[in-house]
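Report on the following structure.
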Amino acid sequence: MMRTLLVRDFQVETHPQTGQRRVVSYRPDPHTMKPVRTGEGSWTDPPDPVAKLAAIEALGAQRATAQAPVDPDDPEGWC
C-alpha cells in the first residue's frame, strides 16, 4: 500500500515597493513534488514595534490598576 503525504507550507512575502507583507501558502504537486502556490492573504502594513510595545505597556498598567484578581476557589467572587 502506497500513501502520499502532502504538507502545506506558509511563507511571508514582502512587497518590494511598499514594504507591506502577506502570507502565502504552498502545497507540493503530488506528481512532481514541486511547490505550487495555493493561496495568499491580503497585503498589510508591518507592525510598528515602538507602538506595539507602548500598547503592551499601557495594557499592563491598566491591568495593574484594575481590581484584585478573583480567587478561583471562592464562589462568592465569581460574579
Under the rule of -39500 (n - 2.57) per DSSP H run of 4 or more residues, summed and divided by the residues of the chain, what mean residue ellipticity at 222 nm is obtained, to the nearest 500 deg cm²/dmol? -7000 deg cm²/dmol
Between beta-carbons, use under 9 Å as the cut-off and find the net charge around H15, counting Lys and Arg +1, Asp and Glu -1. +1
Go through the range 39-54 residue by residue and turn each phi into a ³J(HN,Hα) via Karplus (6.51, -1.76, 1.60, θ = phi - 60°); whole Hz please, and just put x for glycine and proline. x, 8, x, 7, 6, 9, 6, x, x, 7, x, 5, 5, 5, 5, 5
What list of ³J(HN,Hα) couplings, whole Hz, do you get for the range 18-26 from phi and the Karplus terms 6.51, -1.76, 1.60, once you set θ to phi - 60° and write x for glycine and proline? 9, x, 5, 10, 8, 9, 10, 10, 10
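Report, to the nearest whole %, how much of the accessible area of the chain belongs to carbon and sulfur atoms, 1.4 Å probe, protein only. Working shown, then result.
On the way: 4130 of 7190 Å².
So the carbon and sulfur contribution to the accessible surface is 57 percent.
If you roll a 1.4 Å probe over the heavy atoms of the protein chains, what accessible area per residue do you get for the range 6-52, in Å²? Don't skip to the end; give the middle numbers.
Details: 3790 Å² over 47 residues.
Using a 1.4 Å probe on heavy atoms only, each residue of the range 6-52 averages 81 Å².
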Gaussian network model of the chain, springs between alpha carbon atoms under 10 Å - residue of E13, E40, E57 with greatest fluctuation: E57
Show the residues, 5+ positions off or on another chain, whose built amide H is closer than 5 Å to the amide H of W43. none
With every protein chain in place, what's the accessible area of V23 (1.4 Å probe, Å², nearest 10)? 80
Stokes-Einstein D (µm²/s) once Rh is taken as the Kirkwood radius of the chain over alpha-carbon pairs, at 4 °C in 1.567 mPa s: 73
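The values are calculated or read from the model by the stated rules, or taken from the named source; none is laboratory data. Because the structure is a prediction, the values reported are computed rather than measured. Glycine also receives a Cβ, built like all others from the backbone with ideal geometry; neighbour counts cover every protein chain displayed. Accessible surface is based on the protein model in full, side chains and every heavy atom, while ligands, DNA and RNA are left aside. Shrake-Rupley method; radii C 1.70, N 1.55, O 1.52, S 1.80 Å.
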